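Here's the structure we're looking at; comments come further down.
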Amino acid sequence: MRDSFGNADFYTTAPGDTLSAVAAAYKLSEAKVAGFNGLQSGAPLTPGTRLRLIPDGPMPGAMGAATVDANGVPTSYTIEPEDSLAGITYRFNLTDEQLAEANKVAFTYEKGNVFFVRAGNHIQLQKNPVDSRSGQGKSVNNSFGQTIYYTTVDGDSFDSIGYQFRCTTDQLLRWNTTLTADRPIPAGTKVRLMPGEVTIEGARGTFTVDADGIPLTYTTAPGDTQRQVAFRFGIPEIADLSAANRPLTGTDRVWYDFSDLSADELAPGQTISLNLTKPIHQ
């Protein structure tokens, strides 16, 4: 029995199966498979036995309550105070990347960042089914390789776009005011995958674009931060924004000025580059 990512969570034994052979087939130790199923290593297996290939129930680093489907596959989970990302991914047989995709976010964050691994946060462990025709539309990428516009095809949905480009339905609705949550997305719709014209806290300035709508420059406003500017325009990391604004001389990482370096806050009124192919170096 596999989850929505193709990971095997359960296995039903056939004649001739041994605990060691099953464990090896799924790249697990015999001791782990035995432990997951309350067995002794080397115990004989009866054909038709359903074996767990994932831990059964709470464990250190993942002590919260999980919801499972009719097949026993975990589908969602509520985070407890002492949980860790490593504990959650181990308990539910997922990678960090799969966990991020299930929740339509670019990254998962360890405890200490309030976004993801946060006590009480209810997270998804699986994807919803999507149409096999989805995801075949035309993409427009920025100079950092991030898709910032996507033109839909038949079969596309909020879920299919969200899983592919790591955007929540709420984000897609805020960034695309012509879309409606309870209606299908028509084929041929150009969907914005970044805030862009929608100002956000920490990135309230103005910007310019090229003929394809790819952001070129940005003029900072009071209270702007590097992180939020990067997020607003689909720039993966602060280091990428820095690369588009390298100083011509000296050892500084960037040429632009800060009003509060410790808070990552930019001085207002500066026009900075949002494009690696057309950088602003000073």
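The values are calculated or read from the model by the stated rules, or taken from the named source; none is laboratory data. Remember, predicted model here, so these are calculated numbers, not experimental data. Every residue, glycine as well, gets a Cβ built from its backbone with ideal geometry; the counts of neighbours run over all protein chains shown. Accessible surface is based on the protein model in full, side chains and every heavy atom, while ligands, DNA and RNA are left aside. Shrake-Rupley method; radii C 1.70, N 1.55, O 1.52, S 1.80 Å.
Observations, loosely collected:
- Accessible surface calculations at 1.4 Å, restricted to protein heavy atoms, place the stretch 31-107 at 47 Å² per residue.
- As a length-normalised measure over Cα pairs under 8 Å and 6 or more apart, the relative contact order of the chain settles at 11 percent.
- Flagged links, alpha-carbon separation over 32 Å, of LYS104/LYS278; LYS27/LYS138; LYS111/LYS138: LYS27/LYS138; LYS111/LYS138
- Residue-by-residue Karplus 3J(HN,Hα) for the stretch 214-220, coefficients 6.51, -1.76, 1.60, Hz, glycine and proline x: 7, x, 10, 9, 9, 9, 6
- Measuring nothing but protein heavy atoms, the accessible surface of the stretch 175-234 at 1.4 Å probe radius is 53 percent carbon and sulfur.
- Applying Stokes-Einstein at 20 °C and 1.002 mPa s to the Kirkwood radius of the stretch 122-271, computed over alpha-carbon pairs, gives a translational diffusion coefficient of 127 µm² s⁻¹.
- When you work out D = kT/(6 pi eta Rh) for the chain at 4 °C and 1.567 mPa s, using the Kirkwood radius from C-alpha pairs as Rh and the Stokes-Einstein form, the result is 59 µm²/s.
- Over all other residues within a Cβ to Cβ distance under 15 Å of ASN93, the charged ones net out to -1, with Lys and Arg as +1 and Asp and Glu as -1.
- Computed over the chain, the per-residue total of -39500 (n - 2.57) for DSSP H runs of n ≥ 4 gives a 222 nm mean residue ellipticity of -5000 deg cm²/dmol, rounded to 500.
- Of the three principal axes defined by the Cα atoms of the stretch 42-185, the extents in descending order read 57, 41, 31 Å.
- Share of carbon and sulfur in the accessible heavy-atom surface of the stretch 43-134 [1.4 Å probe, %]: 55
- Accessible area in square angstrom per residue, the stretch 139-282, 1.4 angstrom probe: 49
- Stretchable slack from ASP131 to SER262, in nm (0.36 nm times residue separation minus alpha-carbon distance): 42.5 nm
- Under 12 Å, Cβ to Cβ, from THR217 - net charge with Lys/Arg +1 and Asp/Glu -1: 0
- For the stretch 144-203 versus the stretch 229-253, the gap between their alpha-carbon centres in whole angstrom: 25
- Neighbours of PHE36 by Cβ distance under 15 Å: Lys/Arg scored +1, Asp/Glu scored -1, total +2.
- Only Lys, Arg, Asp and Glu carry charge here, each on its Cβ (+1 for the first two, -1 for the last two); on that basis the chain has a dipole of about 420 debye about its Cα centre.
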